[in-house]
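The values are calculated or read from the model by the stated rules, or taken from the named source; none is laboratory data. Everything quoted here is computed from the prediction, not taken from an experiment. Cβ atoms come from the backbone with ideal geometry, glycine included; neighbour counts cover every protein chain shown. The accessibility values were calculated without ligands, DNA or RNA, using every heavy atom of the protein model including side chains. Shrake-Rupley method; radii C 1.70, N 1.55, O 1.52, S 1.80 Å.
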Number of protein chains: 2
Amino acid sequence: MDQIDRKILAALQDNGRMKIADLAEAVGLSPTPCARRVANLEDRGVISGYSARVNQAEVGLPVTIFVAVELERQSTEALQAFEAAVRRFDQVMECYLMTGSRDILLRVVARDLTDFDQFLEHRLMRVPGIRNTRSSFTLRTMIDRNQLPLG
Amino acid sequence: MDQIDRKILAALQDNGRMKIADLAEAVGLSPTPCARRVANLEDRGVISGYSARVNQAEVGLPVTIFVAVELERQSTEALQAFEAAVRRFDQVMECYLMTGSRDILLRVVARDLTDFDQFLEHRLMRVPGIRNTRSSFTLRTMIDRNQLPLG
DNA sequence: GGAAAATCGTGGATCAGATCGATCGCAAGA
DNA sequence: TCTTGCGATCGATCTGATCCACGATTTTCC
């Protein structure tokens, strides 16, 4: 994992469909070793895949809500059960286990507030073992970077 | 934006490098109109680009922290100034303007807690106009989906 | 109901890019 | 000095993208 690998990752985060020839030129290699490095990064799992970046608003999901969930119990089993339940909710884009009171933080997307309310009432709140939840609504996404800092 | 477009988006979110022929088969079209639809989605900005998914831990950034920032003033100018400042910090992956007390929420990545402390002290806290900050540390990423729900 | 527009399917041709193997050069380390 | 690893270059081959033309089907709208 040297400087050239980092350049490759930066370039492919920006444009995951870049041609090998262009990528090679961008990082200062010839195409053959450049392709070898990309294949290596994929095999080692540094690159776990490629995705189209889809505009949330354009597909009718303009609303983002963060939900902090506190569980009644913090055992491994309770966490696993909660994770399995939440994994079935496709509105939940991210789920983090937090330090401190062992909260859980969810990032949820929705069509509108009514849609989110449906999610909360009929899906999330029906998961057993939740002590309480606190929802924080976003007004606007100011920054959404897709480039990890690789300096 | 019909059901086929949604299938295309779902498939390309999962694998942004899928061949047109395979994509066409997956969504039940022949390659020619399938390519046409993809080009349309790109032109309309529904697909804003393609990215390699890079494993955060594998590039030495295993730590994710959410930072809630409260500004002293909530004017448009103050927000713009804050946004411009934060945009220069490449550790900040996401930045949301929140409802309520007009907080701001940041998702920050770091090599370790020392690295995060450096960021906090030497970068974020030097931005003028911050009343206070509250950092929440993640222990583990339970779910990180890259598929918007398109049903 | 009917005409117009949009969309799809197929086939063929062309072109760009990926891939692979072989060979060579260079530099670091044993 | 010899080995090893990495990159550069070249040529051959294969795959996939793109574009065209044509006919058929579906949808939309009057």
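Straight-line reach from B:Lys19: taking Cα to Cα under 14 Å and skipping same-chain neighbours fewer than 8 places apart, no aspartates and glutamates fall in range.
Each other copy places its own label point for B:Asn15 at 2.3 nm from this one, sorted shortest first, where the point lies 7 Å along the Cα-to-beta carbon line. Label point of A:Gln3 (7 Å along Cα→beta-carbon): distances to the other copies' equivalent points are 5.4 nm, sorted ascending. Each copy carries a label point for B:Arg36 at 7 Å from Cα toward Cβ; from one copy, the others' points are 4.4 nm away, ordered from shortest.
Computed with a 1.4 Å probe over protein heavy atoms only, the accessible surface of the protein assembly as shown comes to 50 Å² per residue.
What total accessible area, in Å², is buried where chains A and B meet, using a 1.4 Å probe and rounding to the nearest 100? Let's see the in-between values first.
On the way: alone 10520 and 10520 Å², together 15060 Å².
The contact between B and A buries close to 6000 Å².
Need one word for segment A:39-147: rounded, prolate or oblate. Basis is the Cα gyration tensor (sqrt eigenvalues a ≥ b ≥ c); a/c below 1.5 gives rounded, then a/b vs b/c decides. Verdict is oblate for segment A:39-147. Cross-link partners for A:Lys7 among the aspartates and glutamates, with Cα-Cα distance under 17 Å and sequence neighbours closer than 8 places in the same chain left out: A:Asp22, A:Glu25, A:Glu42, B:Glu58, B:Asp90. For segment B:33-123, chymotrypsin sites (Phe, Trp or Tyr not before Pro) are listed when DSSP marks them as loop and at most 13 other Cβ atoms sit within 10 Å of their Cβ; the list is empty. For B:Met1, the solvent-accessible surface with a 1.4 Å probe is about 90 Å², rounded to the nearest 10. Rounded to 0.05, the FRET efficiency of the B:Asp115 and A:Asn40 pair, given R0 = 30 Å and the Cβ-Cβ distance, is 0.70.
Per the 1.4 Å probe, what fraction of the accessible area of segment A:1-147, in percent, lies on carbon and sulfur atoms?
46 percent
Within the shell of other residues whose beta carbon sits under 11 angstrom from the beta carbon of A:Asn146, the net charge comes to 0, with Lys and Arg scored +1 and Asp and Glu -1. Inter-chain neighbour count for A:127-139: the average number of beta-carbon atoms from partner chains within 10 Å of each residue's beta-carbon is 2.
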